[in-house]
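Here the structure is laid out as structure tokens; the discussion comes afterwards.
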Amino acid sequence: IAAGGSHSCGIRSGKLYCWGSNSQGQLGNSGNATGNAPYLIGSGTDWLMVQADSFATCGIRSGGVAYCWGQGTSGELGTGNTQNANSPALVTGATGWTSIAVGQSSACGIRGGGLFCWGNNAGNRLAIGAGITTTSTPTQVGSAVTWTKVQSSGPHTCGLQGTALYCWGQGFNGQIGNGGFSTVTTPTQIDA
């Protein structure tokens, strides 16, 4: 199950359902009608995971095929363009996605152990270079291929390489966990 800003999605027996606000197509029901009860999204019975933020949703189906839908104006759907999608749209790139996270106008995912991010790079939340403002295609973060999990929220992102925790992006509230309050442009290991 995933809870976005004003919508939610869940998987039951491999089927994907979404409900709530749909102003940007984030429910994925091929329209913009708000739903106060779960909508069945498509006919697929092989959904494995779903993640949501305020205006976008992403999910992974069997075979590691990733889809995103909803607001795409910053490239956060990873489809190679900046258009909204009101039904699941294929994320650019090969299959083999194992994890996906949706943040504020951005997303990150893991494929083949490599970490890829796309969308709005404000505060360097994508860790793909301080001079890049947006990207609409998944862009690899560094060269490590040992990433196992990623999570995004607002202007920062965290992930696991094995059991080691890394965070990056805006740290004005101390959310990076490195003892400071400044922006971190690359994954920084956090010691607990």
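The values are calculated or read from the model by the stated rules, or taken from the named source; none is laboratory data. It should be emphasised that the depicted structure is a prediction, and the values quoted were computed from it without experimental measurement. Every residue, glycine among them, receives a Cβ derived from its backbone with ideal geometry; neighbour counts consider all protein chains shown. These area figures cover heavy atoms from the full protein model, side chains too; ligands, DNA and RNA do not enter into them. Shrake-Rupley method; radii C 1.70, N 1.55, O 1.52, S 1.80 Å.
Oblate is the label for the stretch 1-96, because the ratio a/c of its alpha-carbon gyration tensor axes (a ≥ b ≥ c) is 1.5 or higher and a/b is not greater than b/c. Note on surface exposure: Thr57, Thr148, Thr133 rank Thr133, Thr148, Thr57 by accessible area, highest first, 1.4 Å probe.
For Leu115, the accessible area of its heavy atoms, probed at 1.4 Å with every protein chain present, is near 0 square angstrom. Considering only C-alpha atoms, what is the centroid distance from the stretch 128-167 to the stretch 52-93, in Å? When both Cα centres are located, 17 Å separates them. Excluding ligands, DNA and RNA, the accessible surface per residue across the stretch 118-192 is 48 Å² with a 1.4 Å probe.
Cα gyration tensor of the stretch 108-192, axes a ≥ b ≥ c as square roots of the eigenvalues: rounded (a/c below 1.5), prolate (a/b > b/c) or oblate?
Working: a/c = 2.00, a/b = 1.08, b/c = 1.85.
Cα axes put the stretch 108-192 in the oblate bin.
What the stretch 1-62 shows is 46 Å² of accessible area per residue, with the surface traced by a 1.4 Å probe over protein heavy atoms.
Counting only protein heavy atoms and using a 1.4 Å probe, what share of the accessible area of the chain belongs to carbon plus sulfur, as a whole percent? Mind dumping the intermediate values first?
Working: 4090 of 8140 Å².
Accessible surface attributable to carbon and sulfur in the chain totals 50 percent.
Local charge sum around Gly154 (other residues, Cβ-Cβ under 12 Å, Lys/Arg +1, Asp/Glu -1)? Its environment carries a net charge of 0.
Note on Asn32/Thr82: beta-carbon distance plugged into 1/(1 + (r/R0)^6) with R0 of 25 Å gives a FRET efficiency of 0.90. When nucleic acids and ligands are ignored and a 1.4 Å probe is applied, Ser30 ends up with an accessible area of around 80 Å².
Between Ile132 and Thr95, what FRET efficiency follows from the Cβ-Cβ distance if R0 is 25 Å, with the result rounded to 0.05?
On the way: r = 25 Å, r/R0 = 1.02.
The calculated FRET efficiency here is 0.50.
Quick one: grab the alpha carbon gyration tensor of the chain, order the square roots of its eigenvalues as a ≥ b ≥ c, and give me rounded if a/c is under 1.5, else prolate or oblate depending on whether a/b is larger than b/c.
It comes out prolate by the Cα gyration axes.
Let's test the formula: R0 of 30 Å, r as the Cβ-Cβ distance of Asn173 and Ala3. What FRET efficiency results, to the nearest 0.05? That gives a FRET efficiency of 0.90.
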